[in-house]
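Reading through the C-alpha cells given below for one structure.
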Ligand SMILES: Cc1cc2nc3c(=O)[nH]c(=O)nc-3n(C[C@H](O)[C@H](O)[C@H](O)COP(=O)(O)O)c2cc1C
C-alpha cells in the first residue's frame with residue numbers, strides 16, 4: 001500500500017538525498033536519428049550476464065525510439081560535462097548539434113569525453129509506475145582515455161563535487 005500522506009515534493013526531496021552519478025542515455029531510431037536524455041535512475045543489475053537498468057519517464061521523447069531500436073548507451077559524465085547534462089535535461093530537437101559523438105557497437109551514440117560508455121541491448125521492458133524499466137545486456141564498455149577524470153555527481157537537487165579524501 002502506498003503512503004497517501006506523502007506529497008510529491010516530500011518524495012522528491014527524499015530522493016535527492018540519494019547521491020548519484022549523472023549520465024546521458026542515448027539511443028537511435030530506425031532511421032538513424034539520435035535521441036538522448038540526462039538520467040540518474042541508472043544502475044547495474046546483474047554480473048552474469050552483465051546487465052544495467054535505466055528507468056525512463058513515460059513522457060520522455062527518447063523512450064519510443066529506445067523501444068523501437070532496443071538499444072541504448074549509458075554515457076557516464078565527467079565533472080567537465082555539466083553543460084551537456086543541462087542540454088540533455090531539456091526537451092527538443094537539436095540536442096546533438098555540435099556534440100562530439102559516434103555510433104557505438106549497438107548503433108546508439110557514444111559521447112566523446114564521457115567517463116564510461118555502457119552499450120546495451122534491451123532484453124526486457126518492465127512497467128514501473130510512471131516510468132519504464134529498460135533492462136539491458138551489456139554489449140561493450142568503453143572507458144575514457146583520462147582514467148582520473150572526476151565524475152559529475154548529483155545530490156540534493158544540484159550538481160556536486162567529489163569530496164577529496
Ligand atoms: C540530474 C538529472 C537526472 C535525471 N534523471 C532522469 C531519469 O533517471 N529518468 C528520466 O526519465 N528523466 C530524468 N531526468 C529528466 C530528463 O532528463 C528530462 O525530462 C528530459 O527533458 C527528457 O528528455 P526527452 O523527453 O527528450 O527524452 C533527469 C534530469 C536531471 C537534470
In the range 45-76, how many residues are touching a residue at least 40 places away in the same chain (Cβ under 8 Å) and touching a strand residue (DSSP E or B) at 6+ places or on another chain (Cβ under 6 Å)? 20
Those residues of the range 1-30 which are surrounded by 12 or more Cβ atoms within 10 Å (Cβ to Cβ) and touching a helix residue (DSSP H, G or I) at 6+ places or on another chain (Cβ under 9 Å) amount to 22, 23, 24, 25, 26, 27, 28, 29
Is it true that some residue in the range 14-32 is more than 14 Å from the ligand (Cβ to nearest atom), assigned to a helix (DSSP H, G or I) and free of Cβ contacts under 8 Å to residues at least 24 places away in the same chain? yes
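For residue 164, state whether it is assigned to a loop (DSSP other than H, G, I, E, B), surrounded by fewer than 18 Cβ atoms within 10 Å (Cβ to Cβ) and at pLDDT 95 or above. Can you show your working first?
Details: assigned to a loop (DSSP other than H, G, I, E, B): yes; surrounded by fewer than 18 Cβ atoms within 10 Å (Cβ to Cβ): yes; at pLDDT 95 or above: no.
Against the criterion (assigned to a loop (DSSP other than H, G, I, E, B), surrounded by fewer than 18 Cβ atoms within 10 Å (Cβ to Cβ) and at pLDDT 95 or above), residue 164 does not qualify.
Select from the range 41-52 the residues that are surrounded by 20 or more Cβ atoms within 10 Å (Cβ to Cβ) and either outside any strand (DSSP E or B) or more than 10 Å from the ligand (Cβ to nearest atom) (or both) and list them in ascending order.
Quick first cut of the range 41-52, residues surrounded by 20 or more Cβ atoms within 10 Å (Cβ to Cβ) only: 42, 52.
Scanning the range 41-52 gives a single hit, 52.
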Only residues that are without any contact (Cβ under 8 Å) to a residue 12 or more places away in the chain and farther than 26 Å from residue 83 by Cβ: list them for the range 106-165, please. 124, 126, 127, 129, 165
Note on the range 85-108: residues buried (at least 18 other Cβ atoms within 10 Å of the Cβ) and either closer than 22 Å to residue 131 by Cα or within 11 Å of the ligand (Cβ to nearest atom) (or both) are 85, 87, 88, 95, 108
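The values are calculated or read from the model by the stated rules, or taken from the named source; none is laboratory data. It should be emphasised that the depicted structure is a prediction, and the values quoted were computed from it without experimental measurement. Every residue, glycine as well, gets a Cβ built from its backbone with ideal geometry; the counts of neighbours run over all protein chains shown.
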